[in-house]
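Asker: The following block contains the structure, expressed as structure tokens.
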Amino acid sequence: HNSRSKPCSCPSLKLREVASMYFTLVAAFLVILVVALQGSAPRESYFPYKVPLDPQGLLELSWNVSYPEQAVHFQLLIRELQFGLLFGMSDRGEFENADLAVLWSDGHNSYFGDAWSDAQGQLHMDSQQDYQLLGARRAPEGLYLLFRRAFSTCDPKDYLIEDGTVHLIYGILEKPVHSLQAINVSALPGGLQRVQLLKPNISIPELPSDVKTMEITAPDVTIPNQETTYWCYMAELPAGFPKHHIIMYEPVVTAGNEALVHHMEVFQCAAEFDSFPHYNGPCDSKMKPERLNYCRHVLAAWAMGAQAFYYPEEAGLAFGGPGSSRYLRLEIHYHNPLVFKGRRDSSGIRLYYTATLRPHDAGIMELGLVYTPVMAIPPGEDNFTLTGYCTDKCTQLALPAAGIHIFASQLHTHLAGRKVVTVLSRDGRERQVVNADGHYSPHFQEMSMLKEVVTVFPGDELITTCTYNTEDRSRATMGGFGILEEMCVNYVHYYPQTQLELCKSAVDPGYLHRYFNLVNRFNDEEICMCPQASVPQQFYSIPWNMFNRDVLKSLYGFAPISVHCNKSSAVRFPGEWEKQPLPSITERLPEPVPRCPPAPGPQPAVPVPLNLGKLRR
């Protein structure tokens, strides 16, 4: 008995261990269960970003970004499911050569798979299944489809998800299909939506207790029954409104119009005019007062899919007080492809502002090219680049010794723009990308908070390059303000504010004149060289053969530049700014190498069956 009693104290310990393990397992199971349930029916906050895909709002995409996993999680709400749906990404929103997640039904069974379309729009099952289905559930409002996709898959048929604009496409299957290969995307009803998928992972600053809000909204306007409208509305700050800091803003979109309100901006007018006329109407109307063109100082800019915009805690955007105009212009871009009639709208932007000024005023600086016809793009080009320089000489003179901190950026071109990038260079070596958009669209211009703040010191250079496509044009495209002329601009938001408002360049006009002389001598056709001929006239008369194109390209790549290093009042800083040498870059930044997802490898190329019951029209 004695020998038996000795180990007797042990089992109780074992029992305790077992009990503890049991409860740990139960707790772990509950956690897994909760996570699994969250996967199938996530909380609202789990998908913080949301955008309607189609103009009627029948397809709603929500998503979140996981930087540790390097993946995007999508939730697609399909309010009226027919026989399936295609969702995916392509270079510029084309249905051909697209990377797609497909839900389809043969009338009895439903399937989900990762596919790609060829140049003819024919679908093929992808040999590597990188859109991973996480779940599907029916709800009163429709079917929720949850799936995941890594930023980079290293599959040549897949789209690489990068910073900047992503063109999302969707197509509706109106009839049952017996296989994925039987689908031709070019014939499907569908469309595209542009978003910034990779939102920066920024911690949101605390708002002060004395924060106030002001809504700059359209006064119940009737959206015109046409595809595109830019609507202008003049608002006014109260008389004697003292200086405040804007510390945040967010969109206010009229319920039901989420798919029509494409983007919105609030501009402050120039302080040199005492008053501005009231106006509420289309921005391109002949009735619009000329003076509204002097309201160009951006206070807030929002585009579809964007969230609230926060200023860093140490800075705010000043408005109000002496030397600041009381007049604001709201501009709303309505995109109404289904030409709805009689829709009323009171959308706009809500500004959050404080009288407790932060340590620094934020500033906005224009980088890129001067608006001038000396910078031109020949017709029929598929990727012609132009570069604007903010030179070391200008930053040396205008920036404080401790530098400035860029925290946000808005890229801007007109209709031919395809890519925009700004790089910071120091001592001839490229150091950092300030902002880049390899799938840029002039129809999607949002102010984006940078993933990391970029510090620019005196003597640094900021080099902005835009890529253009003029394949659909028959004559040269000049720089300028018109929509068929071009721009290359990066509006950077930074602190502390300096006097430098514009730091841009253009080719030296004398060197361009030499180009016209040279081209004239080489071509039998007489180019209009009479001294009174304007630069656009001379460009228009050039026969665009290979030689004339290449010489213009190399002229822009080596000729000296005229630098605009301007103070707020559009006056240049003192100094010699003409015929400045092009900054020389001795060391480029390496191209980023896409990270391939770790093994276990891709799913086999078979569709995932789904039990959605019988689908019908």
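Values quoted throughout were computed directly from the atomic coordinates according to the rules given, and no laboratory measurement underlies them. The structure displayed is predicted, hence computed values, not measured ones. Ideal geometry is used to build each Cβ from the backbone, glycine not excepted, and the neighbour counts take in all protein chains shown.
Asker: Determine which residues of the stretch 90-121 fall in the zone a paramagnetic label at ASN383 would reach in this model, i.e. backbone nitrogen under 20 Å from the point 7 Å along Cα→Cβ.
Answerer: The answer is 90-99, 119, whose backbone nitrogens lie closer than 20 Å to the label point.
Asker: Still on this structure, please answer the following. Apply 1/(1 + (r/R0)^6) to the Cβ-Cβ distance of VAL211 and GLU471, taking R0 = 56 Å, and write down the FRET efficiency to the nearest 0.05. Spell out each step's value before the answer.
Answerer: Working: r = 49 Å, r/R0 = 0.88.
Calculated transfer efficiency: 0.70.
Asker: Compute the acute angle (0 to 90°) between the alpha-carbon long axis of helix 546-558 and the principal axis of greatest extent of the alpha-carbon atoms of the chain; round to the nearest 10°.
Answerer: Taking the Cα atoms of the chain, the angle to 546-558 is about 90 degrees.
Asker: Applying a 10 Å radius around every beta-carbon, put 487-499, 546-558 in order of their mean neighbour count, most first. Please report the intermediate quantities before stating the final value.
Answerer: Working: 487-499: 21.8, 546-558: 14.3.
In decreasing order of mean packing, 487-499, 546-558 become 487-499, 546-558.
Asker: What percent antiparallel are the DSSP beta bridges of the stretch 362-594, to the nearest 5?
Answerer: On the way: 51 of 57 bridges.
Rounded to the nearest five, the antiparallel share is 90 percent.
Asker: So, in Å, what gap is there between the alpha-carbon centers of the stretch 404-466 and the stretch 265-317?
Answerer: 22
Asker: Have a look at the chain and give its Rg and Dmax from the Cα atoms, expressed in angstrom.
Answerer: So, for the chain, Rg and Dmax equal 28.5, 123 Å respectively.
Asker: For LYS419, give me every one of the lysines with a C-alpha distance below 26 angstrom, ignoring sequence neighbours fewer than eight places off in its own chain.
Answerer: Hits, sequence-local ones excluded: LYS50, LYS157, LYS199, LYS451, LYS504, LYS553.
Asker: When we measure straight from the Cα of LYS288, which aspartates and glutamates land under 16 angstrom away, once same-chain ones fewer than 8 places off are left out?
Answerer: Cross-link targets: GLU331.
Asker: I'd like the FRET efficiency for LYS243 and ASN293, computed as 1/(1 + (r/R0)^6) with the beta carbon distance as r and R0 of 30 Å, rounded to 0.05. Display every interim value, and only then the final one.
Answerer: Values: r = 26 Å, r/R0 = 0.85.
Result of the calculation: an efficiency of 0.70.
Asker: Moving to a separate point now. If you take the square roots of the eigenvalues of the alpha-carbon gyration tensor of the stretch 202-358 and sort them as a ≥ b ≥ c, do you get rounded (a/c under 1.5), prolate (a/b over b/c) or oblate?
Answerer: Numbers: a/c = 2.42, a/b = 1.32, b/c = 1.83.
It comes out oblate by the Cα gyration axes.
Asker: Could you give the angle, 0 to 90 degrees to the nearest 10, between helix 509-522's Cα long axis and the longest principal axis of the Cα atoms of the chain?
Answerer: The angle comes out at about 80 degrees.
Asker: So how do 329-340, 95-106 stack up, highest first, on mean other-Cβ count within 10 Å? Kindly include the intermediate steps, with their values, before the conclusion.
Answerer: Working: 329-340: 18.7, 95-106: 22.3.
My ranking of the peptides, most packed first, is 95-106, 329-340.
Asker: Find how many whole Å separate the alpha carbon centroid of the stretch 482-497 from the alpha carbon centroid of the stretch 533-560.
Answerer: Rounded to whole Å, the Cα centres lie 25 Å apart.
Asker: Below 8 Å between Cα atoms, with a sequence gap of 6+, how large is the relative contact order for the stretch 45-169 in percent?
Answerer: Working: 259 pairs, mean separation 29.8, N = 125.
Answer for the stretch 45-169 is 24 percent.
Asker: Now a separate question. I'd like the antiparallel share, as a percent to the nearest 5, of DSSP beta bridges with both residues in the chain. Spell out each step's value before the answer.
Answerer: On the way: 157 of 165 bridges.
Here the antiparallel bridges make up roughly 95 percent for the chain.
Asker: Right, something else. Which listed residue (MET264, VAL177, GLY321) has the Cα farthest towards the positive end of the charge dipole for the chain, taking +1 on Lys and Arg C-beta and -1 on Asp and Glu C-beta about the Cα centre?
Answerer: Result: VAL177.
Asker: Additional query: Using a 10 Å cut-off on Cβ atoms, rank the peptides 393-399, 74-80 from the highest mean neighbour count down. Present the calculation step by step, with values, prior to reporting the outcome.
Answerer: Working: 393-399: 20.3, 74-80: 18.1.
Put in order of decreasing packing, that is 393-399, 74-80.
Asker: Could you name the aspartates and glutamates in cross-link range of LYS393, using Cα to Cα under 16 Å and dropping any fewer than eight places away on the same chain?
Answerer: Straight-line reach from LYS393, under 16 Å: ASP427, ASP460, GLU461, GLU501, GLU576, GLU578.
Asker: Calculate, for GLU141 and VAL453, the FRET efficiency according to 1/(1 + (r/R0)^6) with r their C-beta to C-beta distance and R0 35 Å; round to the nearest 0.05. Walk me through the numbers before you get to the answer.
Answerer: Numbers: r = 40 Å, r/R0 = 1.15.
E between GLU141 and VAL453, to the nearest 0.05, is 0.30.
Asker: Could you check the simple spin-label distance between GLU94 and ILE483, using points 7 Å along Cα→Cβ, in nm with one decimal?
Answerer: If labels sit at GLU94 and ILE483, their model points lie 2.5 nm apart.
Asker: Of LEU86, ALA98, MET125, which is farthest towards the positive pole of the stretch 49-199's charge dipole, taken about the Cα centre with +1 and -1 on the beta-carbons of Lys, Arg and Asp, Glu respectively?
Answerer: About the Cα centre, the residue reaching furthest to the positive side is LEU86.
Asker: Right, something else. Which value in nm describes the separation of the simple spin-label points at ARG431 and GLN499, placed 7 Å from the Cα toward the beta carbon?
Answerer: Placing both labels 7 Å along Cα→Cβ, they lie 2.4 nm apart.
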